Amino acid sequence: MVLLTDLQYFTLINSIIDISSSSCVIFDRERAFKKSTFRNRMILASPKGPVTLSIPIIGGRGIKSPYGEVLIDYKTDWQKNHYRTIETLYGKSPWFHQYQPQLKILFEGRVDHLFEWNLACFKWVIQKLNIKMTIIDQPLTSNSLEEIVEKVDIYSPSNYWNIEKKSFVKYPQVFEDRTGFLANLSTLDLLFNEGPFAQNKIESIIIK
């Protein structure tokens, strides 16, 4: 199966499950940028519940550019702030320090376009999950591909945790004793809590 889906900032767990069920994933850089989505935000766990980290973009809410042309706003040092927040939230998680060095390097690299940054984050995640697949991020010029299934914006910041008839990966979380289990967060949450066992968690849902 070839999946056409939205390229998110450190992809949601259920989006990774959808992608892992495919042989090829397509990210459309020419489609109009959609606001209030996971294209420039991710959800993590905190002692008070879910917390959102958002990437500032030039043009803000009024932007009407194609996704591939959206520029990141570096007026604030958002990368340092995001990395420090991740370190604060997950510093005591079982596997954070295994991924910390490479994650820090990723956040130290400046990328002008949001699409390119998210693509780098996506490739980082699937490498850590040992997921191998074909990634297409250019306009399609051939009809030779197998049937394309479209799942764009299935998950939004208002419904990501409460999709009907969806199975959620369950695993111990850092602040679960205070907040209860928080479903379908950024894949970073799964990696920091499950480490090399994260792939097995994802595969268990795919098999079902």
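Looking at this structure, is residue 26 within 25 Å of residue 181 (Cβ to Cβ) and buried (at least 20 other Cβ atoms within 10 Å of the Cβ)? No.
In this entry, residue 64 is excluded by the filter for residues that are at pLDDT 95 or above, out of contact with any helix residue (DSSP H, G or I) (no Cβ under 8 Å at 6 or more places or on another chain) and either closer than 16 Å to residue 122 by Cα or in a loop (DSSP other than H, G, I, E, B) (or both).
Of note, residue 72 satisfies the criterion of being free of Cβ contacts under 8 Å to residues at least 60 places away in the same chain, more than 29 Å from residue 180 (Cα to Cα), buried (at least 17 other Cβ atoms within 10 Å of the Cβ) and touching a Pro at 6+ places or on another chain (Cβ under 9 Å). Restricting the first member to the range 97-114 and to residues that are over 21 Å from residue 190 (Cβ atoms) and without any contact (Cβ under 8 Å) to a residue 40 or more places away in the chain, and the second to residues that are surrounded by fewer than 16 Cβ atoms within 10 Å (Cβ to Cβ) and not β-branched (Val, Ile, Thr), the beta-carbon pairs closer than 7 Å and six or more apart or on different chains are 111/120. Among the residues of the range 63-94, how many are closer than 29 Å to residue 25 by Cα, more than 18 Å from the chain's Cα centre (by Cα) and of a type outside the set (Ser, Thr, Tyr)? Summing the residues that are closer than 29 Å to residue 25 by Cα, more than 18 Å from the chain's Cα centre (by Cα) and of a type outside the set (Ser, Thr, Tyr) in the range 63-94 gives 6. Among the conditions (1) in a loop (DSSP other than H, G, I, E, B); (2) within 20 Å of residue 184 (Cβ to Cβ); (3) modelled with pLDDT of 95 or more; (4) over 14 Å from the mean Cα position of the chain (by Cα), the only one that residue 7 does not satisfy is (4). Put simply, of 19, 26 the only residue that is in contact with a helix residue (DSSP H, G or I) (Cβ under 9 Å, 6 or more places away or on another chain) and in contact (Cβ under 8 Å) with a residue 24 or more places away in the chain is 19. Check whether at least one residue in the range 163-183 is of a type in the set (Ser, Thr, Tyr), farther than 28 Å from residue 36 by Cα and modelled with pLDDT under 90, and report yes or no. Checked the range 163-183: no residue is of a type in the set (Ser, Thr, Tyr), farther than 28 Å from residue 36 by Cα and modelled with pLDDT under 90. Looking only at residues that are within 23 Å of residue 107 (Cβ to Cβ) and among the aliphatic types (A, V, I, L, M) in the range 183-203, which one is farthest from the chain's Cα centre (by Cα)? Ranking the candidates gives 198 first.
Considering (1) under 24 Å from residue 40 (Cβ atoms); (2) assigned to a loop (DSSP other than H, G, I, E, B); (3) modelled with pLDDT of 90 or more, the lone condition that residue 189 does not fulfil carries the number (2). Of the residues making up the range 178-201, those that are surrounded by 22 or more Cβ atoms within 10 Å (Cβ to Cβ) and not polar (S, T, N, Q) are 185, 188, 189, 190, 191, 192, 198. Considering the range 35-63 alone, what residues qualify as being of a type in the set (D, E, K, R) and surrounded by fewer than 17 Cβ atoms within 10 Å (Cβ to Cβ)? Listed by number, the residues that qualify are 35, 41, 48, 61.
The values are calculated or read from the model by the stated rules, or taken from the named source; none is laboratory data. None of these values were measured; they are calculated from a predicted model. Positions of Cβ are generated from backbone atoms using ideal geometry, with glycine treated the same way; all protein chains shown enter the neighbour counts.
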